[in-house]
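Computed from the coordinates by the stated procedures, all read-outs in this text should not be read as laboratory data. Here the structure is a predicted model, which means the values were calculated and not measured. Backbone-built Cβ (ideal geometry, glycine too); neighbour counts: all protein chains shown.
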Amino acid sequence: MAFVTIPPGSTTNPVVTLQATNFTQAFQTWVDATPESGPSWRTNFIWQYLTSGSITNVIVPVPTNSPTRVTVWGDYSFRYNEH
């Protein structure tokens, strides 16, 4: 989790760089941006860890001049596939 404040005149769609370690398969990832004022934003995606690597970039909409909490988490669940 991180708190960010984008100064007036800056882009409201900054790139956030994420890094994951010690994963051996793809996993579900969520990114939330919750400003002190204005609407919150959430996205999710499957991080293809083995093909895209341990670092990825996500564009996170953040309003200017409003402290915003950015939270990222993943779900790494083992699933049984019957053949």
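Can you tell me how many residues in the range 14-34 are surrounded by fewer than 13 Cβ atoms within 10 Å (Cβ to Cβ) and under 13 Å from the mean Cα position of the chain (by Cα)?
Taking the range 14-34 first, the residues surrounded by fewer than 13 Cβ atoms within 10 Å (Cβ to Cβ) are 15, 17, 19, 21-22, 24-25.
Filter again for under 13 Å from the mean Cα position of the chain (by Cα), leaving 15, 17, 19.
Qualifying residue count for the region: 3.
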Item to check | Residues (in contact with a Pro (Cβ under 9 Å, 6 or more places away or on another chain) and among the β-branched types (Val, Ile, Thr)) located in the range 17-67 | outcome: 59, 60, 62, 64
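Take residues that are aromatic (Phe, Trp, Tyr) and tell me which of the strands (runs of 3 or more DSSP E) falling wholly in the chain contain 2 or more.
On the way: elements: 2-4, 15-19, 27-35, 41-47, 55-59, 68-75.
It comes to 27-35, 41-47.
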